[in-house]
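Structure first, then comments.
Coordinate-derived values only; no laboratory data. Just so we're clear, the structure is a prediction, and the values are computed from it rather than from any experiment.
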Amino acid sequence: SDLFNLPKIDRDSASSLRNLLSSSRKHVRALRSLGQPTDSWDLMLVHLLSSKFDLETFKEWQEEIPSKHLPSMNELTEFMDRKCHVLAAIKANKLPAKSSLNLKPN
């Protein structure tokens, strides 16, 4: 399956993380539609996807999960969603406001 060939994220970016999340969901849905028992694959999927994280995201993920706790796929996707929102907000905050770019002197 292409699930194992998802690209590794090389930098902390919302779009890369969002692509990883949406691609993994797409592949899992496809496998589920083929009758595969993906509901019991959390441990493998969490390991597979978190191994694709950039160093900063992986560090944050490790800090997020309590020790001796096996995280679920749902916990991982919630973490990834939150991280995407944070990264998108940071990027938006760094860009100049559109209204200031469109101001013309009278």
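Numerical summary
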item: Estimated translational D of segment 2-94 in µm²/s (Stokes, Kirkwood radius over Cα pairs; 20 °C; 1.002 mPa s); result: 156
item: Whole-number percent relative contact order across the chain, with pairs defined as alpha carbons under 8 Å at least 6 apart; result: 35
item: Potential extension, residue 67-residue 2 segment - 0.36 nm per residue separation minus Cα distance; result: 20.4 nm
item: The chain: angle of helix 14-33 to the longest principal axis, Cα-based, in degrees nearest 10; result: 30
item: Members of 52/83; 26/68; 8/59; 8/94 lying beyond 21 Å, as alpha-carbon distances in this model show; result: 26/68; 8/94
